[in-house]
Every structure is written in C-alpha cells, then in structure tokens.
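**Student:** Please read through the structure below; I'll follow up with questions.
None of the figures in this text is laboratory data; all of them are computed from the coordinates on show. Keep in mind it's a predicted model, so treat the numbers as computed, not measured. Backbone-built Cβ (ideal geometry, glycine too); neighbour counts: all protein chains shown.
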Amino acid sequence: MKLLWLLVLGYGAACQTVSVSAHRITDTPILSPQSSWMSLGVFNAAATKLHRKTVLLFRAQDEQHTSRIGYAESSDGLHFIVRPDPVLSPEAEYEKNGGVEDPRLREIDGTYYLTYTGYNQHDAQLCLATSKDLIHWDRRGVILPAYKGTWNEQWTKSGAIVPKKIAGKWWMYYLGTRKDADGESRDYMGLAQSDDLLHWQDATNEPVLPRRPNSFDSRVMEPGVVFLTKHGILLIYNGANERLVYGPGWVLFDRDHPDLLLARSENAFVLPTLPWEKVGNVPNVIFIEGAIGIPPNLVAYYGAADKYIGAMQIKIFVH
C-alpha cells in the first residue's frame, strides 16, 4: 500500500494551505469483471451510505462495450455484493448502442440525483436520473447537450453537483471539450447553474480551470467529487497529461462564488503504479467519482485502467 503526501500553497483572493495524504486500503481490486453485462470491466463508481451500508453505483461494460450502471453494497466498505441486474441500462435514444456511463451521485432532501453520460456511439452528453431508493430510476433527459454552451464545442460529461444552494441557485461542475489554439481538443471543467436541479445552463463564458501545459492535468480536467467546507468548495477531480496518464488532484473554489478559483494542486496525489492500475482496457488510469465521509476523512472508490475498482483512504485538510 502506497502513501503519498502533497502540500500546496493556494493563490488568489484568499490564500489557503491544503495538505493531502492518500493510501490504498488494499493492493488488489475490490470489484473485478464478472460474467454477462459485467464481463469486460467494472469501474468508475459513485458512492453513498444507505442503511449503514456502503453503496456503489458503478459502470460496467460487456464484451460489446455496452455500458450499464450496476449496484453493489457492503457492510464494511470493502467486501461488496453485486445486485444481479443493472439498475440503469441504455434505453433512451441518446444512450442506445453505447450505454450509460460514469455516474456521480448527490442526495438532496430524500431524492438521489444521478448525473451520468449518455453515449449513443456518436455523441456523449451529460444526463440526469432521479430516484428515492437508488434502484428504480426516472430519466430526466439530457441536461447539458453536446456541441452547445458558452464555450463547449464537443461532448459533455461528468456532473458533480454542489451539496447546497449558493446565492439561491444550485451549481454543478462538469466536463466539456473545446479545441485549443494549437488545434488539439482538450477536456476542460465548466460550471453550470440551476433553479430546480433539473434544468441547467452554463454559468460562465469560459472554463473555471485554466489549462497548465506540461502538468498532470494538461489534457483532462474532469470533475469527480465535490464537498462544501467552511473554507470553500473543495473538489477532487481527475487529471490526465498529454500521454493520457490519469491521476486525481484537488481544487478549491470560493464558498460564495463557485467560479472563483482559490487554490489548486500542483501534482496528482496518487498515480497508477500497481499492475491492475497500469494494464486494462485503458492503461494508466486512476479515476475517482465517489467517496464516503466528509473532509478531512474520506474513503474514495476509484476506477483502475477502466477495468477494476479500488479503494483508498484520503485525508485532506484545508487550513
């Protein structure tokens, strides 16, 4: 099990110090491919607590590369029982032949809001479903369409909703893609707002994280899990460099102004090193979409090489 430390001084209106430690709870996956609809990969899980059990809503792929959302629960957070059938399968036109992918989960006033990617082998678009029990889901449609928005030019994905209203509105960090001046398309983090959690629109004219060439996140800046702390909006996000090595970092936004960047990690706080993190359906990937707990103490569940799910303990302090 690896232990890594990261200490970064913030910048901007309110200088913050953030320290992170992370270590893998186990050196082997906690979930791996199984038969049928889970045969190719089991990865990229949202996480929550329900009736004292840890619940994962994870992406699973079959041999035809069709994605579905599966349900697994555990009494100890490590040994999971997988529900025999997926809880969300591709049915809508914007999901058919590709699938439903990469969920993020937020519970608000007894309703679960599941943001996910609908992929029809042509377009990937950020979609929403709601539930009262995590098993039966009502589709709410595409909430940020591809090829539209104030700055996005291509696909949309990965909606991480802030837990509470700020300035009378709901806020969500998401991923969009645009072409840079060098002609390369790269994935940026955007910010959307809503009055009702169902209808969303861009809140800014530009992405909320600027690109840093030669950094761990120079190619991809994809939202993972978001927390509202007294120091600001803390977001664990997934970065990838130009060689497409994926590892998580963090970013801190102002508590009252979700577009105002306060501090940002200089490096990923963990990178793929174990064989099953480096070799799989997509090599060299650690990808966090779900975590249990509140800062500073978290248990995060991560996709590894787009094939497995691992678990790590994270301690993250904002001073």
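**Student:** Points 7 angstrom from Cα along the Cβ direction at GLN121 and SER19: gap in nanometres?
**Tutor:** 5.3 nm
**Student:** Can I ask one more? If r is the Cβ-Cβ distance from ASP196 to SER32 and R0 is 30 Å, what FRET efficiency results, to the nearest 0.05?
**Tutor:** It comes out at approximately 0.15.
**Student:** Would you work out if the stretch 42-106 is rounded, prolate or oblate? Take a ≥ b ≥ c from the square roots of the eigenvalues of the alpha-carbon gyration tensor; rounded if a/c is under 1.5, else prolate when a/b is larger than b/c, oblate otherwise. Kindly include the intermediate steps, with their values, before the conclusion.
**Tutor:** Working: a/c = 2.59, a/b = 1.98, b/c = 1.31.
Cα axes put the stretch 42-106 in the prolate bin.
**Student:** If the cut-off is 20 Å between C-alpha atoms, which aspartates and glutamates fall inside it for LYS278, apart from same-chain ones fewer than 8 positions away?
**Tutor:** ASP27, ASP102, ASP217, GLU222, GLU242, GLU289, ASP306
**Student:** Rounded, prolate or oblate: which one fits the stretch 39-194, using the alpha carbon gyration tensor with axes a ≥ b ≥ c (rounded when a/c is under 1.5, else prolate when a/b beats b/c, else oblate)?
**Tutor:** oblate
**Student:** As a test, work out the antiparallel percent of DSSP beta bridges whose residues both lie in the chain, rounded to the nearest 5. Numbers along the way, then the final one.
**Tutor:** Numbers: 109 of 112 bridges.
The antiparallel proportion sits near 95 percent.
**Student:** If packing is taken as the average count of other Cβ atoms within 10 Å, what order do 173-180, 292-299 fall into, highest mean first?
**Tutor:** 173-180, 292-299
**Student:** Going by average Cβ neighbours within 10 Å, how do the peptides 71-83, 126-138 rank, with the highest at the top?
**Tutor:** 126-138, 71-83
**Student:** Straight-line reach from LYS179: which lysines fall under 23 Å, measuring Cα to Cα and dropping same-chain residues less than 8 apart?
**Tutor:** LYS148, LYS157
**Student:** A follow-up question, please. Would the stretch 95-184 count as rounded, prolate or oblate if I go by the C-alpha gyration tensor, calling it rounded below 1.5 in a/c and otherwise prolate when a/b exceeds b/c, oblate otherwise?
**Tutor:** The shape class here is oblate.
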